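Presented below is the structure to which this report refers.
The values are calculated or read from the model by the stated rules, or taken from the named source; none is laboratory data. The shown structure was predicted, so the numbers you read here are calculated from the model rather than taken from an experiment. When we count neighbours, we look across all protein chains shown, and the Cβ atoms used for this are built from the backbone with ideal geometry, even at glycine.
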Amino acid sequence: MRCRKAQKLIAVRVDRALSETLEEQVTRHLADCRACGDVSAQTGRLGRELDTYSTPPIRGGFTERLMSRLDEPRVAVTVSPWWAAVLRPAPVVLGAAAFACGVVVPLLGNGGSQIAVPLGREVAGGSAGQLASALAEDSVEARLLELLPSVEE
Amino acid sequence: MPRSEDQELLLRAGKGDRGAFGLLVERHHEAVVRFCYRFLGRVGCDAAEDLAQDVFLSAFKAAPYYQPQAAVRTWLFRLATNACLNQRRKWRVRRVIGLGGSERMEDVAMDDSGADASALRNEKGASVRAAVGGLPGGQRAAIVLRHYHDFSYTEIADVLDTSVSAVESLLFRARRKLRSQLPAFEIGNSPQVSADLRAEPF
Ligand SMILES: [Zn+2]
């Protein structure tokens, strides 16, 4: 087994059991390969490091607060009106103009191949159109977001 | 296949049964808040909770369109992932075009006085938090779902609408990046990654 395959399997092995044959092959490779042995040890250690990231306690009353909001009209986000940006200093105006021209769009993405999960997309068998309108947010930002590429950072 | 209790609750919620929806929220809200908290990165618990509220409000609106082939947990976390990605994009748009607004990450970042103080004081936890927050969206979602919510590869693939092999790849890259970011794995302690893996175009 080559290091490339061994290291991929080491990563998978953290999350789920390998087949007996693969487990045996990995174990044999690890016995002979120090680099992959290090990767294996550090992969285990990473799991323990991740465990140190705890979340703060959650306030009580979440469900009650939510239930009282079910009838609220969905005001998406409060944003300054579009003309407020025009009245701001020049760099902002230029930024907005550049954005409108699509200049900013290439700057926003780093070319990485991210998973994008568009909001209006089919969710668990629900029709995309139905969901898109169900979840549509009528806000300036929602429209701006449509202009963004489907990559993040 | 018999429907799960969650599925029954969501179907009833889709027909306007608020009691059923409340039970569903009660079951899943903690997990969704924690997911938002870890996914959003440097924000306080209140911001994560606000977003989780939006996730459930969207879920209530979308409930009539739910089709019970999918697990409710997967369905909810897909909504949560969408919401988190959109939130981060909104912050980014505001930063780039100078709209400002109070939802900028920096403005809602934790301070030492809040409930998050213990997390801040925990230096190790803080560096993990920063490293996870620095991952690209897909990798971040995959590692948070896998490590903190115990989702299987298939479930993660369903949430992210991708293949199981793509999930393997996301997790592999996420872990590699985390190792490169965390102080505990600084150069000198880092393992040699196979040369052909380094060269692999992801
Ligand atoms: Zn090797």
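Just a few scattered comments:
- Qualifying position, being more than 16 Å from the ligand (Cβ to nearest atom), at pLDDT 90 or above, under 21 Å from residue A:37 (Cβ atoms) and over 15 Å from the mean Cα position of the chain (by Cα), among B:171, B:178: B:178
- Residues of the range A:27-41 that are near the ligand (Cβ under 9 Å from one of its atoms) and either touching a residue at least 40 places away in the same chain (Cβ under 8 Å) or assigned to a helix (DSSP H, G or I) (or both): A:29, A:30, A:32, A:34, A:35, A:36, A:37, A:39.
- Tallying residues that are out of contact with any helix residue (DSSP H, G or I) (no Cβ under 7 Å at 6 or more places or on another chain) and in a helix (DSSP H, G or I) within the range B:132-165 yields 2.
- Filtered by the rule that a residue be of a type outside the set (A, V, I, L, M) and more than 7 Å from chain A (Cβ to nearest Cβ), the range B:133-152 gives B:133, B:134, B:139, B:140, B:148, B:149, B:150, B:151, B:152.
- Of all the numbered requirements in (1) at pLDDT 95 or above; (2) under 13 Å from residue A:63 (Cα atoms); (3) of a type outside the set (A, V, I, L, M, F, W, C), residue B:7 misses one, and that requirement is (2).
- Candidate set from the range A:42-63 (those that are within 26 Å of residue B:154 (Cβ to Cβ) and polar (S, T, N, Q)); member that is farthest from the ligand (Cβ to nearest atom): A:55
- Hey, residue A:66 crowded, with 16+ Cβ neighbours inside 10 Å, away from the ligand (no atom under 16 Å from the Cβ) and free of Cβ contacts under 8 Å to residues at least 40 places away in the same chain or not: yes
- Taking the criterion of being surrounded by 19 or more Cβ atoms within 10 Å (Cβ to Cβ) and farther than 19 Å from residue B:173 by Cβ, the residues of the range A:1-29 that qualify are A:26, A:29.
- For first residues located in the range A:1-17 and within 7 Å of another protein chain (Cβ to nearest Cβ), partners that are assigned to a helix (DSSP H, G or I) and within 9 Å of the ligand (Cβ to nearest atom) and lie 6+ apart or on another chain with Cβ distances below 8 Å form the pairs A:3/A:29; A:3/A:35; A:3/A:36; A:7/A:36; A:7/A:39.
- Enumeration of residues in the range B:16-28 that are within 7 Å of chain A (Cβ to nearest Cβ) and more than 17 Å from residue B:71 (Cβ to Cβ): B:18, B:22, B:26
- Just one of the numbered conditions (1) within 15 Å of the ligand (Cβ to nearest atom); (2) over 29 Å from the mean Cα position of the chain (by Cα); (3) assigned to a helix (DSSP H, G or I) is not true of residue A:1: (3).
- Screening B:80, B:63 for residues that are outside any loop (DSSP other than H, G, I, E, B), among the small types (Gly, Ala, Ser) and farther than 24 Å from residue B:147 by Cβ leaves exactly one candidate, B:63.
- Members of the range A:24-56 that are in contact with a Cys (Cβ under 8 Å, 6 or more places away or on another chain) and facing another protein chain (nearest Cβ under 7 Å): A:35, A:55, A:56
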